[in-house]
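The values are calculated or read from the model by the stated rules, or taken from the named source; none is laboratory data. All values derive from a computational prediction rather than experimental measurement. Glycine gets a Cβ as well: all are built from the backbone with ideal geometry, and neighbour counts include every protein chain shown.
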Amino acid sequence: MALKPKLDSDTLVIADHNKALAMGGSSAGNTPALTTKPKTCCWNARSSARCPLPAARAVMACTPMPLTAMSAASIPALQYKALERATRLLIDLCGGEAGPVIDVTSKENLPTRATITLRRSKLDRLIGHHIDDAQVTDILQRLGCEVTVGEGEWQAVAPSWRFDMEIEEDLVEEVARVYGYNNIPDEPVQAGLIMGTHREADLSLKRVKTLLNDKGYQEVITYSFVDPKVQQLIHAGEEALILPSPISSEMSAMRLSLWTGPAGHRGLQPEPSAEPGAHL
């Protein structure tokens, strides 16, 4: 079944003087195929911008197979090499003469090669192993990077065919992969326990409270509102804040200190003959 893509003003096509022959970035189209008696053959090598496959499929309204190439990255630096190689094979097998190359390039739309700085400190920290500087430089160059060695760092320009090299961690991963994961020694995780310093002369508040409890003291928790009469016995002449609507008259004044609460508690003992308690 022939494909009938829906083209719009943003669609890139390969066309002759009469009609569109193919879609940019797609392998669809049988019009430019060779016949049994060709006289002139035109090679076409192009580099198109990447297009998300779902978007391309929605626009073209056709099956995904011929549009797979639209979602893949193309390498702008390989067109001349591909043309020369294909032309050489054709001439060697069939004879003929090669014509001129017609080059139409939009340089402002060409993808830029990433320039990445790889720091020695970052490399050692992530790998956990020291690789010699010369070996790191050799690995980066073998990957196709243009390498400039600096003080404790490397500046690498990613090759045109490595679209996945964008950040420093990408270079660390590549160096470790080429160096060999099996050549990186296994180091046990350092999990030493650091004992805290403690002097017997240093006593925490909790230990002081426990000591008082051991001596017979009982902790007393009292309210912030107290009896104003009891408070006047301790804070004579001092004015306290009186609540306009207290719960009771014994809790109608804001306490001026912590002494008022225990004093009121001692006065509430039911039996005067009871043994006095020690309060904390």
### Summary
Residue pairs qualifying under the 7 Å Cβ cut-off, at least six apart or on distinct chains, with the first in the stretch 139-152 being in the same structural domain as SER121 (by TED's automatic domain parsing) and the second being among the charged types (D, E, K, R) and surrounded by 11 or more Cβ atoms within 10 Å (Cβ to Cβ), are LEU143/GLU174; GLY144/ARG162; GLY152/ARG119; GLY152/ARG120
### Query
Out of the stretch 198-215, which residues are exposed (fewer than 10 other Cβ atoms within 10 Å of the Cβ) and either touching a residue at least 40 places away in the same chain (Cβ under 8 Å) or touching a helix residue (DSSP H, G or I) at 6+ places or on another chain (Cβ under 8 Å) (or both)?
LYS215
### Task
Could you list, in sequence order, all residues of the stretch 75-109 that are free of Cβ contacts under 8 Å to residues at least 40 places away in the same chain, under 21 Å from ALA158 (Cα atoms) and touching a Pro at 6+ places or on another chain (Cβ under 9 Å)?
none
### Task
Could you look through the stretch 101-114, keep only residues that are among the hydrophobic types (A, V, I, L, M, F, W, C) and closer than 16 Å to LYS81 by Cα, and pick out the one that is surrounded by the most Cβ atoms within 10 Å (Cβ to Cβ)?
VAL101
### Summary
Exception for ILE221 within (1) part of a helix (DSSP H, G or I); (2) within 57 Å of the chain's Cα centre (by Cα) falls at (1)
### Task
Would you point out the residue of the stretch 82-100, among those that are in a helix (DSSP H, G or I) and either among the acidic types (Asp, Glu) or at positive phi (or both), that is surrounded by the most Cβ atoms within 10 Å (Cβ to Cβ)?
GLU84
### Task
Please indicate, with yes or no, whether at least one residue in the stretch 179-191 is within 26 Å of LEU78 (Cβ to Cβ), in the same structural domain as SER121 (by TED's automatic domain parsing) and free of Cβ contacts under 8 Å to residues at least 60 places away in the same chain.
no
### Query
Among the residues of the stretch 244-258, how many are surrounded by fewer than 13 Cβ atoms within 10 Å (Cβ to Cβ) and in a loop (DSSP other than H, G, I, E, B)?
6
## Note on the structure
Residue pairs within 8 Å by beta carbon, gap of at least six or interchain, first lying in the stretch 225-244 and under 13 Å from SER257 (Cβ atoms), second polar (S, T, N, Q), listed first then second, are VAL226/THR260; VAL230/THR260; GLN231/THR260; ILE234/SER257; ILE234/THR260; HIS235/SER257; HIS235/THR260; ALA240/GLN231
### Query
Checking ALA263 against (1) modelled with pLDDT under 85; (2) not in a helix (DSSP H, G or I), which single condition isn't satisfied?
(2)
